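J.: Right, I'll just put the structure down here and ask away after.
The values are calculated or read from the model by the stated rules, or taken from the named source; none is laboratory data. Only a predicted model underlies this, so the values are computations on that prediction, with no experimental measurement involved. Because the Cβ atoms are built from the backbone with ideal geometry, glycine has one as well, and the counts that use them run over all protein chains shown. Quick note on the areas: whole protein, heavy atoms, side chains included, nothing else; ligands and nucleic acids left out. Shrake-Rupley method; radii C 1.70, N 1.55, O 1.52, S 1.80 Å.
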Amino acid sequence: MSEQPRRPRTSGKPYRRPQKDPVRMLAFEALRAVDERDAYANLVLPPLLRKAREKEGPEKFDARDAALATELVYGTLRRQGTYDAIIADCVDRPLREVDPPVLDVLSLGVHQLLGTRIPSHAAVSASVELARVVLGDGRAKFVNAVLRKVARDDLEGWLERVAPPYDEDPEDHLAVVHSHPRWVVSALWDSLGGGRAGIEELLAADNERPEVTLVARPGRATRQELLGEEAAVAGRWSPYAVRLSEGGEPGAVEAVREGRAGVQDEGSQLVALALANAPLDGPDRRWLDGCAGPGGKAALLAALAAERGAFLLASEKQPHRAGLVARALDGNPGPYQVIAADGTRPAWRPGSFDRVLVDVPCTGLGALRRRPEARWRRRPEDLDGFAPLQRGLLRSALEAVRIGGVVAYATCSPHLAETRAVVTDVLKQYPGTELLDARPLLPGVPGLGEGPDVQLWPHVHGTDAMYLALVRRTS
């Protein structure tokens, strides 16, 4: 009789197939896309959530599932720097030697432990189960060991351990506590003009979930119509703004679906309104948006221009973004045109326009609430890459506007190298210009500083950190 093959020795415990948790699986998938493809969560997450809602059976998402998945993704990305410091204290190797997928599972687990109300035992067990599914049993044991160490203390206790004292290294302390790269902390502090309270409030605001803000495009929708939606309240500063409270879904709003309203931060609305209301010398018939993609400001400007019988030319260099602009402007009641053109190589004659907007490409440090991963991707040297383009676009705008017309230079960054430094440098080359005081054109908005330019702040105004300078051609 032949000898039977021996079974491999086991621990005595029966094998259990790991259980998939659809919410955490989706959150992990989103984080991997952000890490592997340099994707942005605000672009990756919506289609993943939409697909999960369309599924049938136990993996179909409801509103609570979607809210938890969103919190796990954005919360983990916002606090990545803090969580990395904590994880580094709990492992016996440099973080760069931990496989990125393992680090994503660990970060999701740490956020559940330290940044949510999920009970510790549930946070650990759910994270270990996720690790078993996506990493295998061996690395799941590593995840379990690390998270059990993390679970021994709360966030405040961990920060006391891993953040250097403020008195010894203020910038590094703030970087760890508020999860920003040190160079970003330094740059934002310079822009604020010093003081501990202001920088702490700003960094904390960057880690808050931003409200969803809608704009009622004039002549197409009214704020009163939008206020009839569930969970809608009036905006703080713009007469066209409506905020949706937590859980409000823009896609459920009929005016948004029809393009008569859109999603637009109130800071962006204020920039467009300030240009539209700036005093001119002479006619007011032709407007230009020289960096129009993806189309939010262009849509508002086109609607405002239509009310006055003015024409808007919306120019965007990238053809696919020009397509987004065309979609945003579709149905505008007044005359407009969308073109794909390089704003530094104008497709129009000098002096052709009465009002010109250039919302220039930048580091995006003013929108870290919405794109938290941007803080980890940007480097100080990126400023040198943007500088020639920003100056070139402002020069082209000044040449495009007629004498007596107004240019708005805007950017979603408070970094001084992208704001006042650009305006100051370019205006030295154009003596026939003057800076207008932008503050009266933002009526009712407090904390606008000494002028004449304006810097908005998340912690002061509840908006993205938009910068605005208005320039009139005088000769």
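J.: Fully extended, how many nm does the chain gain between Asn277 and Glu160 (0.36 nm per residue separation, minus their Cα-Cα distance)? Write out the running numbers ahead of the final one.
T.: Details: separation 117, 0.36 × 117 = 42.12 nm, distance 5.00 nm.
Full extension from Asn277 to Glu160 adds 37.1 nm.
J.: Could you give P(r) for segment 78-169, binned at 5 Å from zero, as whole percent values over all Cα-Cα pairs?
T.: Reading the bins upward from 0: 3, 14, 28, 25, 18, 7, 3, 2, 1.
J.: Provide, as a two-decimal number, the C-alpha radius of gyration of segment 224-372 over 2.2 N^0.38 Å, N being how many residues it has. Don't skip to the answer; put the middle values down first.
T.: On the way: Rg = 15.8 Å, N = 149, 2.2 N^0.38 = 14.7 Å.
For segment 224-372, the normalised Cα radius of gyration is 1.07.
J.: Here's another thing I want to ask about it. Separation between the Asn144 and Ser120 pseudo-spin-labels, each 7 Å from Cα along Cα→Cβ, expressed in nm?
T.: Placing both labels 7 Å beyond Cα along the Cβ direction yields 1.8 nm.
J.: In addition: Taking only protein heavy atoms into account and a 1.4 Å probe, give the accessible area per residue of segment 142-229 in Å².
T.: Computed with neighbouring chains in place, this is 47 Å² per residue.
J.: Give the carbon-plus-sulfur fraction of the accessible surface of segment 122-167 in %, rounded to a whole number; probe 1.4 Å, heavy atoms of protein chains only.
T.: On the way: 1100 of 2320 Å².
With neighbouring chains kept in place, the figure for segment 122-167 is 47 percent.
J.: Given a 1.4 Å probe and every protein chain left where it sits, what share in percent of the accessible area of segment 212-349 is carbon and sulfur? It would help to have the intermediate numbers written out before the result.
T.: On the way: 2850 of 6050 Å².
Accessible surface attributable to carbon and sulfur in segment 212-349 totals 47 percent.
J.: Next question, about the same structure. Across 20 Å bins from the origin, how do the percents of Cα pairs in the chain run, short distances first?
T.: P(r) for the chain, in whole percents per bin: 22, 50, 23, 4, 1, 0.
J.: Now, a different point. Given a 1.4 Å probe, how much area per residue of segment 374-475 is accessible, in Å²? Don't jump to the answer; show the numbers that get you there.
T.: Working: 3800 Å² over 102 residues.
Each residue of segment 374-475 exposes 37 Å² on average to a 1.4 Å probe.
J.: OK, next. In nanometres, what is the gap between the two model label sites at Glu200 and Val263, each 7 Å from Cα along Cα-to-Cβ?
T.: So the label points at Glu200 and Val263 sit 3.3 nm apart.
J.: Moving on to the next point. Could you give the accessible area per residue of segment 274-334, probe 1.4 Å, as a whole number in Å²?
T.: Values: 2400 Å² over 61 residues.
Each residue of segment 274-334 exposes 39 Å² on average to a 1.4 Å probe.
J.: Evaluate the relative contact order of the chain (contact order divided by residue number), counting alpha-carbon pairs under 8 angstrom at least 6 apart; express in whole percent.
T.: On the way: 829 pairs, mean separation 54.7, N = 475.
Normalised by residue count, the contact order of the chain is 12 percent.
J.: Quick check on the chain: helices-only [θ] at 222 nm, where DSSP H runs of length 4 and up contribute -39,500 (n - 2.57) each and the sum goes over total residues. Nearest 500, please. Numbers along the way, then the final one.
T.: Details: 20 runs with 220 residues, N = 475.
Roughly -14000 deg cm²/dmol at 222 nm, from the helical runs in the chain.
J.: Right, here's the next one. All other residues with a Cβ under 13 Å from the Cβ of Gly405 taken together, and with Lys, Arg as +1 and Asp, Glu as -1, what is their net charge? Mind dumping the intermediate values first?
T.: On the way: positive: Arg285, Arg286, Arg355, Arg402, Arg472, Arg473; negative: Asp281, Asp284, Asp354, Glu399, Glu434.
That sum, taken over residues with Cβ under 13 Å, equals +1.
J.: Taking the chain, how many lysine pairs are there with alpha carbons less than 21 Å apart, if each pair must be eight or more places apart or span two chains? Display every interim value, and only then the final one.
T.: Working: Lys13/Lys141; Lys20/Lys51; Lys20/Lys55; Lys20/Lys60; Lys20/Lys141; Lys51/Lys60; Lys141/Lys149; Lys297/Lys317.
Pairs that pass both the separation and distance tests number 8.
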